[in-house]
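**Q** Below you will find the structure I want to go over with you.
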Amino acid sequence: MALAVGLMSGTSADGIDACLVRVTEPGVHGDDVSLEVLGFLTRPYPADVREGLLSLSVQGTVQEVCVYNFLLGRMFAEAAEEVVRGCGVEMGEVEVIGSHGHTICHLPEGRGLHGRLVSSTLQIGEPSLIANECGVTTVADFRLADMAVGGQGAPLVPYLDRILLRQHLRRTGRPGLALNLGGIGNVSACILTADRNRHGDVPVFLGFDCGPGNMLVDALMRKLFGREMDEDGKTAFAGRVCESLVNALLQEDRFIHQRPPKSTGREHYGEAYLEDFTAKSNRLGLSPQDCIATVTCHTHTHTPTHT
């Protein structure tokens with residue numbers, strides 16, 4: 001058994017999640033791992049840091065990226081120390097820290113550059129600082145490593161979901177699906193498919209981003225109401241959904257209709273997308289509450305059209 005710390009900052013940029021887990025050794029097939037959560041916390045970003053991170057993804061300078069990389073590295077280290085200390089554990093007992101960092105740019109479809117199509121992604125939160133501050137081996141650059149071997153770099157959670165869904169399949173004999181709703185929504189699926197070379201069905205695992213999670217609702221709440229989120233959906237419930245606009249958004253969204261594997265982020269569902277939605281809603285005469293109700297409906301209605 002080993003103790004490990006996981007660190008994460010998602011597309012919503014609302015804070016740093018830190019988790020201390022006890023991990024058992026994997027079985028022969030690598031999917032018999034057992035995880036016990038010992039402690040979890042979220043350290044919200046100060047308002048100025050959050051605004052800086054959101055701005056960084058749109059118009060950040062090289063100097064700002066450099067400074068925020070080190071700032072977040074120290075903040076990630078502090079979150080790791082806090083969750084470990086809160087569990088009454090010494091940092092010296094932790095075997096490894098895994099840090100996702102914070103994504104400021106994700107371009108899986110690639111951009112043309114000097115005659116080449118270059119796919120890329122960039123996360124900040126310097127892992128060398130985390131390792132030095134905590135004195136623990138720190139593993140990072142998960143998205144970059146996935147893209148280096150031809151992957152999308154996102155989502156990452158299907159790796160864990162694959163283990164859990166395989167265990168679910170063993171216990172129940174049924175396939176399963178896991179939906180992760182953060183700033184972006186992504187799905188992991190364990191489906192059964194016929195294998196001509198074997199008797200019966202075999203499990204196949206899929207994982208991909210399927211559209212916006214809470215980021216559009218949060219952004220519109222900040223724009224229209226000056227609030228960070230629609231707590232308990234109260235604002236959406238106070239408005240009416242414009243179904244024609246929801247249908248138009250779904251039909252026009254090229255990402256929704258793209259075949260997996262696929263991933264996305266603020267580069268697609270960012271300021272330009274929100275401005276287009278706002279212009280459409282203004283032409284239709286929607287109230288602020290109607291806008292929140294409509295974008296919320298759009299968020300939960302989008303589904304992968306291809307598997």
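**Q** Can you tell me which residues in region 264-280 are open to solvent by 60 Å² or more (accessible area, probe 1.4 Å), touching a residue at least 12 places away in the same chain (Cβ under 8 Å) and part of a helix (DSSP H, G or I)?
**A** Once the filter is applied, which keeps residues that are open to solvent by 60 Å² or more (accessible area, probe 1.4 Å), touching a residue at least 12 places away in the same chain (Cβ under 8 Å) and part of a helix (DSSP H, G or I), region 264-280 yields only 271.
**Q** If you don't mind, there's one more thing I want to ask. For region 94-123, give me the residue count where each residue is open to solvent by 40 Å² or more (accessible area, probe 1.4 Å) and either among the aromatic types (Phe, Trp, Tyr) or touching a Gly at 6+ places or on another chain (Cβ under 6 Å) (or both).
**A** 3
**Q** Could you please find all residues in region 237-263 being open to solvent by 20 Å² or more (accessible area, probe 1.4 Å) and either among the polar types (S, T, N, Q) or closer than 12 Å to residue 299 by Cβ (or both)?
**A** 241, 244, 247, 250, 251, 258
**Q** Pick from 142, 208: which is buried (at least 16 other Cβ atoms within 10 Å of the Cβ), over 23 Å from residue 271 (Cβ atoms) and in contact (Cβ under 8 Å) with a residue 60 or more places away in the chain?
**A** One residue alone meets the criteria, 208.
**Q** In region 123-147, what residues are under 21 Å from residue 58 (Cα atoms), of a type outside the set (Val, Ile, Thr) and at pLDDT 95 or above?
**A** Correct list: 123, 125, 126.
**Q** Run down 219, 236 and say which single residue is of a type in the set (A, V, I, L, M, F, W, C) and over 19 Å from the mean Cα position of the chain (by Cα).
**A** Of 219, 236, the one residue that is of a type in the set (A, V, I, L, M, F, W, C) and over 19 Å from the mean Cα position of the chain (by Cα) is 236.
**Q** Quick check on region 285-305: of everything there that is at pLDDT 95 or above and open to solvent by 50 Å² or more (accessible area, probe 1.4 Å), which residue is farthest from residue 188 (Cα to Cα)?
**A** Among residues in region 285-305 that are at pLDDT 95 or above and open to solvent by 50 Å² or more (accessible area, probe 1.4 Å), the one farthest from residue 188 (Cα to Cα) is 285.
**Q** Name the residue, out of 236, 219, 248, that is without any contact (Cβ under 8 Å) to a residue 60 or more places away in the chain, over 30 Å from residue 151 (Cα atoms) and of a type outside the set (S, T, N, Q).
**A** Just a single option satisfies the conditions, and that option is 248.
**Q** Here's another thing I want to ask about it. Do we find that residue 91 is surrounded by 14 or more Cβ atoms within 10 Å (Cβ to Cβ) and within 19 Å of residue 10 (Cα to Cα) in this structure?
**A** no
**Q** Under the condition of being surrounded by 14 or more Cβ atoms within 10 Å (Cβ to Cβ) and modelled with pLDDT under 95, which residue from region 54-83 is nearest to residue 215 (Cα to Cα)?
**A** Once the filter is applied, the top-ranked residue is 54.
The values are calculated or read from the model by the stated rules, or taken from the named source; none is laboratory data. Just so you know, these numbers come straight off a predicted model, no measurement behind them. Methodologically, a virtual Cβ is constructed for each residue, glycine included, from the backbone with ideal geometry; neighbour enumeration extends over all protein chains shown. With ligands, DNA and RNA removed, areas are computed over all heavy atoms of the protein, side chains included. Shrake-Rupley method; radii C 1.70, N 1.55, O 1.52, S 1.80 Å.
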